[in-house]
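**Q** Take a look at this one; I'll ask things after.
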Amino acid sequence: MSIRVLLADDQPLMRAGFRMILEETDDIGIVGEAKDGAEAVRLAAALNPDVILMDVRMPGVDGIEATRQIVAADPLARILILTTFDLDEYAFSALRAGASGFVLKDVPLDELARAIRCVASGDAVVSPRITRRLLDVYATRLPSLSGGTPGVVRTALDQLTPREQEVLLAVATGLSNTEIAGKLTVSEATVKTHVGSILAKLGLRNRVQAVIFAYDVGLVR
């Protein structure tokens, strides 16, 4: 079954380019195009796409606000941010707003398709290298997931079992479920269960927000 994608970008040539390359895949199809964030919000509600490819910098309602509105209306929405720069404060703000990851606009087709498939399956897409660079540069300048209250973050962390805290630390350092399973000598299914429990207890959408939380609480520096 084809993955239904909504493409939001204010540049017609960029939208045409993404449509052209994605139509070369067998399992991904463009179901709509939005020229700005406001239209993206409207089409997301009307079309219910599996994944939204969202340009972060658009006039009027930008990709950050559009992401925030779409996620508020549909917590299960999967949004993949498009950005020109790998160190982009806008892209990082969109991750905090609930996006599932971001890719560079010049990413090769196979990587873009893989990212779309990954987000459609419910995972998050940001390379550990870029995530750490973004956090190092911007974490102290952006509002935390807890609203900037250290006590709130620490109380939330205390909800986790010692094993869950261990798994959260491993996630925050960029390890995959398979790598975490090997490190902790448990099954990958057990790791997935722990990750799901961590996200539920902390009220987080995905692994990206788990990484942000780990920085907020000081697990990772």
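The values are calculated or read from the model by the stated rules, or taken from the named source; none is laboratory data. As the structure is a prediction and not an experimental result, all values here were calculated from the model. We place every Cβ from the backbone using ideal geometry, glycine too, and count neighbours over all the protein chains shown.
**Q** Quick one: in segment 23-47, which of the residues that are within 17 Å of residue 121 (Cβ to Cβ) and not hydroxyl-bearing (Ser, Thr, Tyr) is surrounded by the most Cβ atoms within 10 Å (Cβ to Cβ)?
**A** So, considering only residues that are within 17 Å of residue 121 (Cβ to Cβ) and not hydroxyl-bearing (Ser, Thr, Tyr), the one surrounded by the most Cβ atoms within 10 Å (Cβ to Cβ) is 28.
**Q** Additional query: Do any helices (runs of 4 or more DSSP H) lying entirely in segment 34-113 carry at least 2 residues that are more than 17 Å from the chain's Cα centre (by Cα), and which ones are they?
**A** By residue number, 37-47.
**Q** Would you please list the contacts, defined by Cβ atoms under 6 Å and residues six or more apart or on different chains, that run from a residue in segment 96-114 that is within 21 Å of residue 62 (Cα to Cα) to a residue that is at pLDDT 85 or above and in a loop (DSSP other than H, G, I, E, B)?
**A** Going by the 6 Å Cβ cut-off, the qualifying pairs are 100/78.
**Q** Do any residues in segment 52-79 that are outside the structural domain of residue 10 (by TED's automatic domain parsing) have Cβ atoms under 8 Å from those of residues that are of a type outside the set (Val, Ile, Thr) and not in a loop (DSSP other than H, G, I, E, B), where the two are at least six apart or on different chains, and which pairs are they?
**A** Nothing qualifies.
So that you can scan it fast, the table gives a plain yes or no per residue for (1) closer than 17 Å to residue 76 by Cα; (2) without any contact (Cβ under 8 Å) to a residue 12 or more places away in the chain:
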| residue | (1), (2) |
| --- | --- |
| 180 | no, no |
| 184 | no, no |
| 193 | no, yes |
| 202 | yes, no |
| 207 | yes, no |
| 214 | no, no |
| 219 | no, no |
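**Q** Within segment 18-33, count every residue that is in contact (Cβ under 8 Å) with a residue 60 or more places away in the chain and either in a strand (DSSP E or B) or basic (Lys, Arg) (or both).
**A** Selection size over segment 18-33: 1.
Rundown of residues vs (1) at pLDDT 90 or above; (2) in contact with a strand residue (DSSP E or B) (Cβ under 7 Å, 6 or more places away or on another chain), yes/no style:
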position: 22; (1), (2): yes, yes
position: 29; (1), (2): yes, yes
position: 46; (1), (2): yes, no
position: 51; (1), (2): yes, yes
position: 65; (1), (2): yes, no
position: 79; (1), (2): yes, yes
position: 89; (1), (2): no, no
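**Q** In the set 125, 107, 103, 152, which member is outside the structural domain of residue 10 (by TED's automatic domain parsing) and either farther than 22 Å from residue 165 by Cβ or at pLDDT below 60 (or both)?
**A** Result of the check over 125, 107, 103, 152: 152.
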